[in-house]
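Take a look at the structure set out below.
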Amino acid sequence: MLMTPPTLWLVVLFILPLILMAVFSFRAGSFAPERDQFTLDTYREYFSNPAYLRRLGQSGWIALQTSALSIPFAYPLAYFLAFRAGPMRVTLLTVLIVPAWTSYLLRILAWKIILGSNGALATFLLSTGLMQEAAPVLLYSPTAVIVTLVYSWIPFVTLPIFSALERIDKRLLEAAADLGCAPWEAFLRVTLPLSLPGVIGGFFFVFIPTLGEWVTPTLVGGVQGIMYGNLIQDQFVRALNWPMGSLMSLVMLTVVLILTVLFSRVGRISDLAGA
Amino acid sequence: MKTQPARLQLLSVLLLGAVALAACSGPAQPTAVTVPTAAAQLNNSLTLVEWSGYELPEFWPAFAAQHANIAPDYKFFVEDAEAYTIVESGFDYDLVHPCTNYWQLYVDAKLIQPIDTSRLTNWSGIRPELAKLGQFNGQQYFVPWDWGFESILYRTDKVTTPPKSWADLWNPEYAGHISLYDCGECNYIATALSLGFDPWNVTPEQDAQIKQKLIELKPSLLNYWADFTEINSLIASGDVWVAANVWNDAYKSAVDEGLAVDYITPTEGRLGWVCGYALSANSQNVDLAYDYLDALIAPDAMAYLSNEYAYGAANVKALELTDPTFIELFSLDDPSILDQTIFYRPLTEAQREAFTGAWSEIKAAP
């Protein structure tokens, strides 16, 4: 009974790897013979260096800003699509998504060009005299990471908000108008509250993957924009310290799980699924 | 009209899925690809764990002439660490091409077997300084092949005080325009040299000083460069004035592009890297492997490496076939050039862990 395909999927592709990762965090090394010994040294090392947790906190802050900034861009788009676009909306929705079909890497690199010292932004600032010497604008900073990520996440945030707005019974708005509500009042008291599950959904769609992001910071983050995901990647790919990489991932996973529980309390996932 | 919202919802779900897929596939690790052929099963093939870009037939013309019916199989990697992981996991291969930092690990884990250099007709040309690095327990385990410098490259038109030593990376004049190579071992060793320490023999106090020094440098850095194209374009655009641990090829292309650059010999010395081939302990194709190795170290193959990739050749006889401007650029005909270079030494697992661990702490630090 329990071994239905979804359960099997979850066990094989999620639970088992998680257990393997948890076990690996206790191993003494990545390779034999250390691999077969168990120790708490990795845990001691991790928790004795506050830089790791601080970097996780900083990544959380970047993720928070990214998600929060995506919403004001995505909401008007979703609103327009849901209430104003009429028969055009399928086309417009596709247009919105089309850039996301090109390689993610390509779009980050495009931002690197825009923000670079010979880029559009620097050229503009130079021509207006706001900048004296060609230099990268924002590039290689946490801000560059946020700008790039907000850009790439906007479609992700638009869709759940759109879907929430779509489901609003239009008669409620008519009723609000009949009862003397000004349009802005109807928006604040009817539309916005009813679309909140979509907003919260969009927020977490962005927040959780951004927390573990490493490609964008590698390319545009410079030294200060390094995120926690970069540290994990370094442990696995360069340092070959799999126990430390596993532990770092576990800590992040725990944080994400706690946030997801909070999210499901606040946002009630079932609302979003359109049940 | 009723069907419209349902269709829209379906569409948005599909689109969201597509976006998710696109997002996931974008940053995928460049994973190694191998195409096992039927021949591999018949013990009449050769499998290499190799850097991508090093499979060119120009690197083994003698092997191709000798074994026209055999096409070597390659499993590519992009990091030394990745190669070690592939080999350690039990992958069936004949030759592997790591660099000095990792050599000791292969020997200690008994993944490779000693090389009988008398079977290599071109061995006599191999520079003895490089061959020595590949010796462990009195036996030759690695055939050195490609080598190069790691030093500081700077824009002569952007700085007023030229850097003279590794310690000059901390010169405040360059603040905001410095790029370090994203390589823990490299920065650790260069910093140890700048402080006058023996990088391969540091005390805990010295270790703490090295970390502190690198953390202090962080506000002055523009970024960490990860590959040749990246640092090359950063130097060309003028965003980076001083780049550390840059290789020969970056200097050569900057010169070819006509940029005002200089590649210094720091007072502590230039660093040098060496990579080489080792024979798998379980190789079933030892004879073929020797033929391939001999073809690799032939002067013409090695000269092709210098001329095309701007790296040094382990075989000194390749110099006769090498572009003279390249030789001059790096003083490769100076007999003492290797003695002046501080080559990366094979690291023990403990050293490697210490260096990479330190780098992770430095990167995490605010």
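Could you tell me which residue of the stretch A:152-188 is farthest from A:TYR79 (Cα to Cα), considering only residues that are without any contact (Cβ under 8 Å) to a residue 40 or more places away in the chain and among the small types (Gly, Ala, Ser)? The qualifying residue farthest from A:TYR79 (Cα to Cα) is A:GLY180.
Going through (1) touching a residue at least 24 places away in the same chain (Cβ under 8 Å); (2) in contact with a helix residue (DSSP H, G or I) (Cβ under 9 Å, 6 or more places away or on another chain) one by one, B:LEU319 falls short only on (1).
If the requirement is being open to solvent by less than 10 Å² (accessible area, probe 1.4 Å), without any contact (Cβ under 8 Å) to a residue 24 or more places away in the chain and farther than 30 Å from B:ALA167 by Cα, which of these qualifies: B:ALA303, B:ALA289? From the options B:ALA303, B:ALA289, the qualifying one is B:ALA303.
Per-residue answers, yes or no, for (1) farther than 30 Å from B:ASP116 by Cβ; (2) within 23 Å of the chain's Cα centre (by Cα); (3) within 14 Å of chain A (Cβ to nearest Cβ):
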{"site": "B:ALA244", "(1), (2), (3)": "yes, yes, yes"}
{"site": "B:ALA250", "(1), (2), (3)": "yes, yes, no"}
{"site": "B:THR265", "(1), (2), (3)": "yes, yes, no"}
{"site": "B:ASP287", "(1), (2), (3)": "no, no, no"}
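Take B:ASN245 and tell me if it is farther than 19 Å from A:ASN118 by Cα, open to solvent by less than 60 Å² (accessible area, probe 1.4 Å) and in contact (Cβ under 8 Å) with a residue 12 or more places away in the chain. It is true that B:ASN245 is farther than 19 Å from A:ASN118 by Cα, open to solvent by less than 60 Å² (accessible area, probe 1.4 Å) and in contact (Cβ under 8 Å) with a residue 12 or more places away in the chain. In the stretch A:67-96, of all residues being within 21 Å of A:PHE207 (Cα to Cα) and without any contact (Cβ under 8 Å) to a residue 60 or more places away in the chain, the one that is nearest to the other protein chains (Cβ to nearest Cβ) corresponds to A:PRO76.
Restricted to the stretch B:196-226, and to residues there that are more than 21 Å from A:GLN224 (Cα to Cα) and charged (D, E, K, R), the residue that is least open to solvent (accessible area, probe 1.4 Å) is B:ASP207. The listed residues are B:THR267, B:THR191, and the only one of them that is open to solvent by less than 10 Å² (accessible area, probe 1.4 Å), outside the structural domain of B:PHE136 (by TED's automatic domain parsing), modelled with pLDDT of 95 or more and over 29 Å from A:ILE114 (Cβ atoms) turns out to be B:THR191. When the stretch B:84-128 is filtered for residues that are in a helix (DSSP H, G or I), of a type in the set (Phe, Trp, Tyr) and open to solvent by less than 30 Å² (accessible area, probe 1.4 Å), the ones remaining, listed by number, are B:TYR84, B:TYR102, B:TRP103, B:TYR106. Looking at the stretch B:46-83, which of its residues are open to solvent by less than 10 Å² (accessible area, probe 1.4 Å), within 14 Å of another protein chain (Cβ to nearest Cβ) and not in a strand (DSSP E or B)? Answer for the stretch B:46-83, where residues must be open to solvent by less than 10 Å² (accessible area, probe 1.4 Å), within 14 Å of another protein chain (Cβ to nearest Cβ) and not in a strand (DSSP E or B): B:ALA81, B:ALA83.
Taking the stretch A:152-161, which residues are out of contact with any Leu (no Cβ under 8 Å at 6 or more places or on another chain) and at the interface with chain B (Cβ under 10 Å from one of its Cβ atoms)? A:SER152, A:TRP153, listed by residue number. Against the definition (touching a residue at least 12 places away in the same chain (Cβ under 8 Å), within 14 Å of chain A (Cβ to nearest Cβ) and of a type in the set (Val, Ile, Thr)), how does B:ILE210 come out, yes or no? No; evaluated as a whole, the condition is false for this residue.
Residue under question is A:LEU219, and the condition is that it be modelled with pLDDT of 90 or more and surrounded by fewer than 17 Cβ atoms within 10 Å (Cβ to Cβ); does it hold? The answer is no for A:LEU219. Filtering B:THR229, B:THR160 for residues that are open to solvent by 20 Å² or more (accessible area, probe 1.4 Å), at pLDDT 95 or above and either in a loop (DSSP other than H, G, I, E, B) or not assigned by TED's automatic domain parsing to the domain that holds B:ASP323 (or both) leaves a single hit, B:THR160.
Please determine, by comparing only the residues of the stretch A:123-151 that are free of Cβ contacts under 8 Å to residues at least 60 places away in the same chain and at the interface with chain B (Cβ under 10 Å from one of its Cβ atoms), which one is surrounded by the most Cβ atoms within 10 Å (Cβ to Cβ). Looking at the filtered set, the residue picked out is A:PRO136. Every test in (1) of a type outside the set (Gly, Ala, Ser); (2) crowded, with 22+ Cβ neighbours inside 10 Å; (3) touching an Asp or Glu at 6+ places or on another chain (Cβ under 7 Å) is passed by B:ASN315 save one, and that test is (3). Residue count for the stretch A:191-207 under the criterion of being at pLDDT 90 or above and open to solvent by 10 Å² or more (accessible area, probe 1.4 Å): the result is 7.
The values are calculated or read from the model by the stated rules, or taken from the named source; none is laboratory data. As the structure is a prediction and not an experimental result, all values here were calculated from the model. Virtual Cβ from ideal backbone geometry, glycine too; neighbours counted across all protein chains shown. Note: accessible area is taken over every heavy atom of the protein model, side chains too, but ligands, DNA and RNA are not part of it. Shrake-Rupley method; radii C 1.70, N 1.55, O 1.52, S 1.80 Å.
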